[in-house]
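The values are calculated or read from the model by the stated rules, or taken from the named source; none is laboratory data. Predicted, not measured: the structure shown is a model, and the values here were computed from it. Glycine also receives a Cβ, built like all others from the backbone with ideal geometry; neighbour counts cover every protein chain displayed. Each accessible area value is taken on the protein alone, full model and side chains, heavy atoms only, with ligands, DNA and RNA left out. Shrake-Rupley method; radii C 1.70, N 1.55, O 1.52, S 1.80 Å.
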Amino acid sequence: MYVSMKDMLWHAHKNNYAVMAINCVNMEQAKAIIQSAEEEKSAVIINISPRQMKAHGHGDILAPMIKGMAEKVSVPVAFNLDHGADLEDITAAMKYGFSSVMIDSSSYDFEENVRRTQLVASLAHGMGLSCEAELGHVGMAKEADNEKVDLYTDPQQAKEFVEQTECDCLAVAIGTAHGSYPKGFVPKLDFDRLKLLKETLQRPLVLHGGSGAGEENIRKAVAYGINKINVCTDLFKHARIATAKALEENPEIDYMDLCIVAQDAMKEFIKSYMRVIGSSGRYDFDKYEGPEFD
Ligand SMILES: [Zn+2]
């Protein structure tokens, strides 16, 4: 079923697990993600950023395709604009039929972030969509922004932020970063801060920069209150490695078969990740425990 992120993330919040939010730019990725969710009886979120949309996965093509695929499965699937930066991108996503939007004004000061998020959250809610926001700033791994503690999310400020904006979930900065970390580097996450954020906010929290954070960090982040984990780089990497290997083994491989190789490799990765973060089996309709959907 095609839904917003709201109910699935509150279900994850109440039951202490996390849902994957996976970046997707084409049909093979959409199929891999939705089939994995169905097979694992798990909710899932499909993400796309404005940059990815402009470069390849155009929203007007992807949204109806994803919606069509989602409506054929029994598990909840959301389609979320990742890191919407301006109103133009956000209203375009709404027009295309996304079920959720993120407004990322985390590089602005607190008041401006509140103002922008309030506007987008009220627009989104008016259309039955969910809205994600970010406070504190999750930077890029290659720039080592993730070690700048002054960019981490402050729990008291975050409380004020969610009360004023009414965003459905909040991306917090606790030490992860976007993209690939330097080889051998495992980020150190501020779990005390995460624990305090969860106690203070009592709502779904989001971890960006999940790729390369290491399984131990991910498991602990979920245990301490993360309910949505964004994964992009790791998924693309699995597709690339499987494709390169298939080409090396058989340079004459048919293009369609190559697409299927990538899709299967992504499925394997996604399904094992879903088990790690505890979303597998939550939507087993023989013994249904999930929330009601309209
Ligand atoms: Zn992000």
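So the values come out like this:
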{"read-out": "Radius ratio Rg over Rh of segment 1-60, counting only Cα atoms, Kirkwood formula for Rh", "value": "1.01"}
{"read-out": "Crossing angle, helix 6-15 versus the chain [Cα axis fit, 0-90 degrees, rounded to tens]", "value": "80 degrees"}
{"read-out": "Gain in span if fully extended, ARG219 to LYS95, counting 0.36 nm per residue against the direct Cα distance", "value": "41.0 nm"}
{"read-out": "Net length gained if the chain between HIS125 and GLU111 were fully extended (0.36 nm per residue, minus Cα distance)", "value": "3.0 nm"}
{"read-out": "Charged-residue dipole, Cβ positions (Lys, Arg, Asp, Glu), the chain about Cα centre, Debye nearest 20", "value": "420 debye"}
{"read-out": "Relative intensity, log₁₀ I(q)/I(0), of segment 56-188 from a Debye sum that treats every alpha carbon as a point, q = 0.14, 0.15, 0.16 Å⁻¹", "value": "-0.71, -0.79, -0.88"}
{"read-out": "LEU197 accessible area, assembled protein chains, probe 1.4 Å, Å²", "value": "0 Å²"}
{"read-out": "Folded to 0 to 90 degrees: helix 191-201 orientation relative to the chain principal axis, Cα", "value": "70 degrees"}
{"read-out": "Within-11-Å neighbourhood charge of MET5 [Cβ basis; K, R +1; D, E -1]", "value": "-1"}
{"read-out": "Sparse-neighbour loop sites [GluC sites (Glu not before Pro); segment 156-214; at most 15 other C-beta within 10 Å; DSSP]", "value": "GLU166"}
{"read-out": "Nearest-ten-degree value, helix 155-165 long axis tilted from longest Cα axis of the chain", "value": "80 degrees"}
{"read-out": "Computed [θ] at 222 nm, helices only, for the chain once each DSSP H run of length n ≥ 4 contributes -39500 (n - 2.57)", "value": "-15000 deg cm²/dmol"}
{"read-out": "Segment 218-276 versus segment 111-183: alpha-carbon centroid distance in Å", "value": "26 Å"}
{"read-out": "Two-decimal ratio, the chain, of alpha-carbon radius of gyration to 2.2 N^0.38 Å", "value": "0.95"}
{"read-out": "Spin-label model distance (nm) - SER272 vs LYS14, 7 Å beyond Cα toward Cβ", "value": "3.3 nm"}
{"read-out": "Additional length obtainable on full extension of the chain from LYS54 to LYS237, 0.36 nm per residue less Cα span", "value": "63.8 nm"}
{"read-out": "Inter-label distance, nm, simple model (7 Å from Cα along the C-beta direction), GLU160/MET1", "value": "3.9 nm"}
{"read-out": "Residues ASP150 and LYS67, FRET efficiency given R0 of 35 Å [Cβ-Cβ distance, rounded to 0.05]", "value": "0.30"}
{"read-out": "Summed residue charge, Cβ within 13 Å of ILE241's Cβ, Lys/Arg positive, Asp/Glu negative", "value": "-2"}
{"read-out": "Furthest towards positive pole of dipole, PHE285, CYS167, HIS58, structure part the chain, Cβ charges", "value": "PHE285"}
